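First comes the structure, then the notes that go with it.
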Amino acid sequence: MKDLTMSLYCGITRRRKSFWCCRLLSTYVTKTRYLSELKEDDDACKKAQQTGAFYLFHNLAPLLQKSEHQYLAPQHSLLASLQKPEMETELKGSFIGLRKALFQLNVKDASLLSTAQALLRWHDAHQFCSRSGQPTKKNVAGSKRVCPSNKIIYYPQMTPVVITLVSDGTRCLLARQSSFPKGMYSALAGFCDIGESLEEAVRREVAEEVGLEVERLQYSASQHWPFPNGALMIACHATVKPGQTEIQVNLRELEAAAWFSHDEVATALRKDNPSYQQQNGAFPFWLPPKLAIAHQLIKEWVEKPTCSILPA
Ligand SMILES: NC(=O)C1=CN([C@@H]2O[C@H](COP(=O)(O)OP(=O)(O)OC[C@H]3O[C@@H](n4cnc5c(N)ncnc54)[C@H](O)[C@@H]3O)[C@@H](O)[C@H]2O)C=CC1
Ligand SMILES: [Mg+2]
């Protein structure tokens, strides 16, 4: 049972929220303060767990139920001690890799399971204090780990990543890495370097990957992304100077990059993900699925290709 116990992720948020919706006049502030209290108060957290709802993970794979073209993420109350196969039979589900299932979950489950998996992975990788080498101890909520010998507190971290849709005013630039599914193109993405601002990271990544200079940029939105180790994806639109649009692909990072017309992109957005091979051996052009922030960024551009963009 040990590894299953380690991998329970408590969804107290939900249970508590519905409770408040029915019984009290819930406010976002009240809920937020309660969750903040649970992070610091082990006794309050233990009490909340008695009525909390749990997602179950095994080796970072969530327990899911398959329903036609969708996965459902059932929640459980505290569970009896069972081994993995019995657990799957008992709960009528299977432990499935999150990468495989993510885009077939509803938005709420996808978001909670991504958070849960990132947190479980962080705990797994921070078992020891990097200063003393001693085992660290998790608090009940799982919001931090403490080294008992020197009292250093470790908090879960995520890595900032910029994702940028570059436009030249009429076309947008999409690229693919060799690891992407065949035929899929996306916006340019890259990890922020230490000490960089968001604007500097966008300018550097665009220059590094496609050899272009960003003239203007505009923040769009952000999204937590669980892979590879929990990233905060920060999405931006950017433009390059008209006439300075010749792409020089950095083949160490990308397999291909190209300019696409408004019509090409609008048509691809309307299609589902076709990963089938055409008769000529090629794979059709397609875009990341709806849940990915890259999709949102591309959709925004299609709806408003000339949105006002700030100087970089
Ligand atoms: N392009 C897209 O549509 C999407 C990309 N992403 C994510 O964005 C992330 C960043 O994109 P990439 O083009 O791979 O990044 P990237 O363009 O920064 O290149 C990755 C390389 O940067 C280096 N690197 C620097 N800092 C790193 C760090 N903190 N962690 C790992 N490697 C680091 C490594 O050498 C690595 O091979 C990926 O992990 C991917 O999961 C997520 C959603 C969509
Ligand atoms: Mg990149």
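The values are calculated or read from the model by the stated rules, or taken from the named source; none is laboratory data. Because the structure is predicted, anything quoted here is derived from the model rather than measured. Counting neighbours? That spans all protein chains shown, and the Cβs are built from the backbone with ideal geometry, glycine included. Just so you know, the surface numbers come from the protein's heavy atoms only, side chains and all, with ligands and any DNA or RNA stripped out. Shrake-Rupley method; radii C 1.70, N 1.55, O 1.52, S 1.80 Å.
For the chain, what does the accessible surface come to per residue with a 1.4 Å probe? Please give it in Å².
56 Å²
Need the full-extension length gain, N150 to R270, defined as separation in residues times 0.36 nm minus the C-alpha distance. One decimal, nm.
In short, 37.6 nm is gained.
Under a plain spin-label model, where a point goes 7 Å from the Cα along Cα-to-Cβ, how far apart in nm are S81 and S178?
Modelled inter-label distance: 4.9 nm.
Quick one: grab the alpha carbon gyration tensor of segment 84-240, order the square roots of its eigenvalues as a ≥ b ≥ c, and give me rounded if a/c is under 1.5, else prolate or oblate depending on whether a/b is larger than b/c.
Oblate.
Taking the Cβ-Cβ separation of H224 and T245 as r and a Förster radius of 41 Å, what is the calculated FRET efficiency to the nearest 0.05?
Calculated transfer efficiency: 0.80.
If R₀ is 25 angstrom, what is the calculated FRET efficiency for the pair T27 and K108, using the beta carbon separation as r and rounding to 0.05?
Computed FRET efficiency for T27 and K108 comes out at 0.80.
Can you give the relative contact order of the chain as a percent, counting alpha carbon pairs under 8 Å and 6+ residues apart?
14 percent
With a ≥ b ≥ c taken as the square roots of the eigenvalues of the C-alpha gyration tensor of segment 17-167, please select rounded if a/c is under 1.5 and otherwise prolate if a/b is larger than b/c or oblate if it is not?
It comes out rounded by the Cα gyration axes.
Quick check for me: using +1 on Lys/Arg Cβ and -1 on Asp/Glu Cβ, what's the dipole size of the chain about its Cα centre, in debye to the nearest 20?
1340 debye
Evaluate the distance, in nm, between pseudo-label points positioned 7 Å from the Cα of T159 and of F191 along their respective Cα→Cβ axes.
According to this spin-label approximation, the distance is 0.3 nm.
Round to the nearest 0.05 the FRET efficiency obtained for D41 and L72 when R0 = 35 Å and r is the Cβ-Cβ distance.
0.60
What lysines sit close enough to K39 to cross-link, taking a C-alpha to C-alpha distance under 24 Å and skipping anything fewer than 8 places away on the same chain?
Cα-Cα hits under 24 Å: K2, K17, K31, K47, K108, K137, K138, K144, K151.
So if I place +1 on the C-beta of Lys and Arg and -1 on the C-beta of Asp and Glu, and nothing else carries charge, what would the dipole magnitude of segment 208-258 be about its Cα centre? I want it in debye, nearest 20.
Computed about the Cα centre, the dipole is about 180 debye.
Determine the gain in length on full extension of the stretch T89-R252; use 0.36 nm per residue of separation and subtract their C-alpha separation, reporting nm with one decimal.
Difference between extended and current length: 54.1 nm.
Cross-link candidates for K299: which lysines have Cα within less than 16 Å, leaving aside residues fewer than 8 places away along the same chain?
Result set, ordered by chain and number: K271, K290.
Could you tell me which of rounded, prolate or oblate describes segment 192-242, using a ≥ b ≥ c as the square roots of the eigenvalues of the alpha-carbon gyration tensor, with rounded for a/c under 1.5 and, failing that, prolate when a/b is larger than b/c and oblate otherwise?
Prolate, since a/c reaches 1.5 and a/b exceeds b/c.
Give the carbon-plus-sulfur fraction of the accessible surface of the chain in %, rounded to a whole number; probe 1.4 Å, heavy atoms of protein chains only.
52 percent
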